[in-house]
Amino acid sequence: MRVVILGSGRGSNAEAILAAQQAGRLGRARVVQIFSDRPEAGILALGARFGVPAAFVDPAPFKTKLEGEGEARFIAAVSAAKPDLVVLAGFMRVLKPGFLNAFAGKIINLHPSLLPSFPGLDAIGQAYRRGVKVTGCTVHAVTTEVDGGPILDQAAVRVEPGDTLESLTARIHAAEHALLPAVIARLSER
Ligand code: GAR
């Protein structure tokens, strides 16, 4: 199963996927390409470290969504990698029907809350400020509804007395780093 990872940030989840692959814990999945919409994103440095091609793709003209020329560039770049699965690992743009239809049924997203609670931006902060006692992370299939597609798996994280936003964030990230590679491995064995 050929996997393409899209990310905008530091890439700790992409790193967890690549480390799982190195350790033989990614089933029949193999990461073939990493793309980012931000040229300075840490995720791009993983390419050299793990021997996977990694490249910036210009997402212009929009700031928070992928549409128009930027969408066309992403469709072309991702198509060229012939993915069986497209993994959004901290890709902070809303995907539109053009991209979704080009890879229909093949796109999964990681979100740092127990969806359907706290969709959208700053999900960990939203949950923390709301005072929930259990939060976590979700991997779901991507549809036109933002953070709304069918849920593939979740991991729960308890909010402990004395947790700060930082300590809670760290535990949610640790849960994500276990969950996302496990879901990819499972999908690859289907
Ligand atoms: C992760 O916590 C992921 O759940 C979140 O971005 C972070 C990326 O971290 N995604 C979203 O909030 C999507 N709405 P990383 O770059 O270290 O993998």
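Where a number appears in this text, it was derived from the coordinates with a stated rule and is not lab data. On a predicted model such as this, the values are computed, not experimentally measured, just so you know. As a convention, Cβ positions derive from the backbone with ideal geometry for all residues, glycine included, and neighbour counts pool all protein chains shown.
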- Using the per-residue mean of other Cβ atoms lying within 10 Å as a proxy for protection, in what order, highest first, do the peptides 35-41, 75-81 fall? 35-41, 75-81
- Message: Can you compute the charge dipole magnitude of the chain about its Cα centre, using +1 on each Lys and Arg Cβ and -1 on each Asp and Glu Cβ, nothing else charged? Give it in debye, rounded to the nearest 20.
- Response: 360
- Message: Using 0.36 nm times the number of residues separating ARG129 and ARG186, minus their current alpha carbon distance, what extension gain do you get?
- Response: 17.2 nm
- Summing -39500 (n - 2.57) over every DSSP H run of at least 4 residues in the chain and dividing by its residue count gives a helix-only mean residue ellipticity at 222 nm, to the nearest 500 deg cm²/dmol, of -11000 deg cm²/dmol
- Task: Using the Kirkwood radius over Cα pairs, work out the Stokes-Einstein diffusion coefficient for the range 126-190 at 20 °C and 1.002 mPa s, in µm²/s as a whole number.
- Result: 165
- Query: Going by how many other beta carbons lie within 10 Å of each one, how would you line up THR144, THR64, THR138, THR169, fewest first?
  - Reply: THR64, THR144, THR169, THR138
- Query: So what are the three principal axis dimensions of the range 1-108 from its Cα atoms, in whole Å, longest to shortest?
  - Reply: 39, 29, 19
- Task: Compute the distribution of all C-alpha to C-alpha distances in the chain, in bins of 5 Å from 0, and list the percent of pairs in each, rounded to whole numbers.
- Result: 1, 8, 17, 21, 21, 16, 10, 4, 1, 0
- Determine, from the Cβ-Cβ distance of ALA55 and SER167 and an R0 of 41 Å, the FRET efficiency 1/(1 + (r/R0)^6), rounded to the nearest 0.05. 0.75
- Would you mind pulling out the separation of the Cα centroids of the range 93-114 and the range 1-64, in Å? 15
- trypsin sites (Lys or Arg not before Pro) lying in DSSP loop within the range 15-100, provided at most 12 other Cβ fall within 10 Å: ARG28, LYS63
